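The values are calculated or read from the model by the stated rules, or taken from the named source; none is laboratory data. No experiment lies behind these values; they were computed from the predicted model shown. Neighbour counts are summed over all protein chains in view; Cβ atoms, including those assigned to glycine, are modelled from backbone coordinates with ideal geometry. Each accessible area value is taken on the protein alone, full model and side chains, heavy atoms only, with ligands, DNA and RNA left out. Shrake-Rupley method; radii C 1.70, N 1.55, O 1.52, S 1.80 Å.
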Amino acid sequence: MKSEPKIYSFDDLKRDRETVWDGVRNYQARNFLRQMQVGDLAFFYHSNIAFPGLVGLVRVVATLADPTQFDPNSRYYEPKSTPECPRWQTVRVEFVETFPLISRETLKQEFSTEELIVLRQGNRLSVMPVVEKVALQILALANSKIAQS
DNA sequence: GCCAACGTTGGC
DNA sequence: GCCAACGTTGGC
């Protein structure tokens, strides 16, 4: 799950404890959101900063229709959506743990663009899947960094 | 339905 | 700040 820290950082999530991943208006990203289930873990990625990369772990605690689509005052308002037939789906996530930055540079050294969608040039999705094998390797990397610090 | 123009994202 | 890579929009 990717966010610009200037807009919403991992520290913001740590402070809030939970957040709704609202405002995603890309169909491919929405389809990934639909696949997410309560209990799923996700990495939090900081984008559009000097040192982009993974900064921690979050967990899905609920799946829901994106509430902003029903709010006429929201920039994400979707007049065609109704509570019975919402167009945009999302999840609520909770803070799990912070780990020392796994930089984009490190990720590129360790993984290919086939393995990690976030490494692909021109990638613009706010949510993207990571296969289990790669996820476990990243977790191992995170744990070794925690052990070092 | 095609596609040029435009706006946005995000690495560098 | 630049610019490549997208997605979206809208004229036709």
Per-selection Rg to Rh, region A:74-149 - Cα, Kirkwood hydrodynamic radius: 1.10
On a 0 to 90° scale, report how tilted helix A:132-148 is relative to the longest principal axis of chain A, with both axes built from alpha carbons and the result rounded to the nearest 10. 60
Residues of region A:110-149 with the amide nitrogen closer than 20 Å to a label point 7 Å from the Cα of residue A:31, along Cα-to-Cβ, please. A:114-132
What full-extension length gain, to one decimal in nm, is calculated for residue A:50 and residue A:135 as 0.36 nm per residue of separation minus the Cα-Cα distance? 28.2 nm
Nearest 500 deg cm²/dmol is fine: what mean residue ellipticity at 222 nm does chain A get from its DSSP H runs of n ≥ 4 alone, each adding -39,500 (n - 2.57), divided by its residue count? -8000 deg cm²/dmol
Rounded to a whole %, the carbon-and-sulfur portion of the accessible area of region A:65-144 at a 1.4 Å probe is 49
About its Cα centre, what dipole magnitude does chain A give when the only charges are +1 on Lys and Arg Cβ and -1 on Asp and Glu Cβ, stated in debye to the nearest 20? 280
Mean separation of Cα contacts under 8 Å (at least 6 apart) over the residue count of chain A, i.e. the relative contact order in percent, is 26
A chain fully extended from residue A:38 to residue A:110 at 0.36 nm per residue, minus the present Cα-Cα distance, gains in nm 23.0 nm
Could you give the nm distance between label points at residue A:20 and residue A:98, where each point is 7 Å from its Cα heading toward the beta carbon? 2.7
What whole-number value in cubic angstrom gives the convex hull volume per residue for the C-alpha atoms of region A:1-125? 120
For residue A:87, project a label point 7 Å along Cα to C-beta. Then give me every residue of region A:9-26 with its amide nitrogen under 20 Å of that point. A:21-26
Across A:43, A:51, A:32, the residue with the highest GNM fluctuation in chain A (Cα network, 10 Å cutoff) is A:51
Using the Karplus curve 6.51 cos²θ - 1.76 cosθ + 1.60 with θ = phi - 60°, what ³J(HN,Hα) values do you get for each residue of region A:54-67, in whole Hz, with x for Gly and Pro? 8, 10, x, 10, 10, 10, 6, 10, 6, 10, 7, 6, 4, x
